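Contents: one structure, followed by commentary.
Please treat every number below as a calculation from the coordinates, not as lab data. These numbers were taken from a predicted model, which means no experiment stands behind them. Reconstructed Cβ throughout: ideal geometry from the backbone, glycine too, with neighbour counts over all protein chains shown.
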Amino acid sequence: MQNDSFIEFKHVSFGYGDRLILQDISLKIGRGQLVAIMGGSGSGKTTLLRLISGQIRAQQGQVLVDGRDVGRMNQRELYQHRRRMGMLFQFGALFTDLPVFDNVAFPIREHTSLSPAMVRDLVLMKLHAVGLRGTESLMPAELSGGMSRRIALARAIALDPQIMLYDEPFTGLDPISLATIALLIKKLSDALGTSAVMVTHDVHKSLEIVDYVYFIAGGKIAAAGTPDEVRASDSPWVHQFIHGEADGPVHFAYPAQQSLAGSFGLEGA
Amino acid sequence: MMLDNLLAPLRHLGHSSINAIWKLGMMSRFLLAILAHSGQSLLRFQLTIREVYFAGVLSLIIIVVSGLFVGMVLGLQGYNTLSRFGSADALGALVALSLLRELGPVLAALLFASRSGSAMTAEIGLMKATEQLEAMSVMAVDPVARVVAPRFWAGVISMPILAALFNVMGIFGGYLVGVVMIGLDEGTFWSQMQNNVDLHSDVINGLIKSLFFGIAVTLIAVFEGFDATPTAAGVSSATTRTVVTSALVILALDFVLTAFMF
């Protein structure tokens, strides 16, 4: 798998102003692999996805997709690159002024000149794939959180992408919806053979479905491995993360400039 | 420290001036981007038609009712003043000229900015806040071409038509008051209007004004929406800015255009 990488980060750094978000990240994602990127909130996971989709460009290093550097693409090449890519946003990002059908049909209508009958068939197939055929005339406001995430997934796979990016697909879902989305992600990855990157902090569900995991902390890769390797890991950091312990290598308290006594003006009293 | 305090207001002034110029520059570039990406909104004209419905057709009620009342008020006030000089016969001309040259384009534009401009800003701002614009761009669809340009053209098309309707309703309002209520001679009312209103210098110039207002208001509205901070507070302040800036720009533009035209 390491030789046949489809997405590859080579010494990538990215930051806003002086604040570095990612530092010297190198990782590989193989063709047809489902890879999870895990880390605490604000660890730069989503930034990583945005680098793959070309919404932001790396300040140092290269982000290679199928051998091409995303950071060097011009607008036209970037749009061509994105046509082969699907992205599931954290809260779905459905177009609220369009019904479900038109939401799923959107990428098909924008990028192909298929007949209305063909578009209809394709949309119904995609809706069927996520188990929501019959919702096509509903508006996004009438859907539950789990349903809109599934519709967004149907829209993301409308053009059979080669790359799927999932931005926190499990956030804010009840256990049943969560299991459904996880099952769909696994099924779609296997059926379409897409290379998929999933950013998440839901450890247990992700470890069940992914092929490989990267942990990010402080802008660097803290650990990596297959789910079995991760479960067996003796790294205190990985242990704290997958068992959700409040204190450990990552401290509970935000580092303060002053001691507690100092903050209350009691120092030296 | 003392010097710092003294210089603070000056620095603040400089900062806001630079910001304003910066924003004007951004807006001009945004207009160029809209023009460059207008192909789709003209080729797939149904996208623009849809927005004409939201921006124009749904503004009809407020435009028609306001136009009627403005015309009726003009009729009452005009009759009062004109009859003091014994020239109440000129009421038709007075109503028509004030509406066609000034009140129609300006008031319709102010109403359009508060009804449709604010709605456009809020809609685009919320689309940004809920990642819809980003989702579109990730699907390789340019949001400027797909979301902004159709709205811009819809505004530019709707504004002159709304202003014209405002004028028609205003003149009808003046007729209701002058002829039906007060009892002026109907023939005199209309013939005075016909003799004193010139197609080119009054009607066309008024429409040109409203075309400029349409471009200005819609550009401000879509720009503020696109530029909004993607939070609830950001969208709300962007919407406010649209209405305030539009009103100021309409009145300032009106002065400049009037100076050139009449």
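Legend: ranking of residues A:Tyr166, A:Tyr79 from fewest to most surrounding C-beta atoms inside 10 Å; resulting order A:Tyr79, A:Tyr166. Note on the protein assembly as shown: dipole from Cβ charges, positive end direction compared against A:Leu127, A:Val100, B:Thr48; the farthest Cα belongs to B:Thr48. Remark: mean inter-chain Cβ contacts per residue of B:141-148 equal 2, using a 10 Å Cβ-Cβ cutoff to other protein chain atoms. Against the main long axis of the alpha-carbon atoms of chain A, helix A:175-192 sits at an angle near 60°. Inter-label distance, A:Arg31 to A:His204: 3.7 nm, where each label sits 7 Å from its Cα along the C-beta direction. For A:Ala217, the residues 5 or more places off, or on other chains, whose built amide H falls under 5 Å of its own are A:Ala222.
Which residues in the range A:209-228 have a backbone N closer than 17 Å to a point placed 7 Å from the Cα of A:Phe252 along the Cα-to-Cβ line? Those under the cut-off are none; the list is empty.
Using the Cβ-Cβ distance between A:Leu183 and A:Leu124 with R0 = 25 Å, the FRET efficiency computed as 1/(1 + (r/R0)^6) comes to roughly 0.75. Residues A:Phe106, B:Phe69, arranged from fewest to most other Cβ atoms within 10 angstrom of their Cβ, appear as B:Phe69, A:Phe106.
Taking every residue in A:90-103 and counting other chain Cβ atoms within 10 Å of its Cβ, the average works out to 3. How far is helix B:118-129 tilted, in degrees, relative to the longest principal axis of the Cα atoms in chain B, given as a value from 0 to 90 rounded to the nearest 10? Between helix and principal axis, roughly 10 degrees.
To test your reading of the geometry: what angle, between 0 and 90 degrees and rounded to tens, separates the Cα axis of helix B:186-196 from the longest principal axis of chain B? The angle comes out near 60 degrees.
Using only atoms on other chains, find how many Cβ atoms lie within 10 Å of each Cβ of peptide A:104-115 and report the average.
Mean inter-chain Cβ contacts per residue within 10 Å come to 2.
Label separation (A:Ser259 vs A:Asp69): 5.2 nm, computed from points 7 Å beyond Cα along the C-beta direction.
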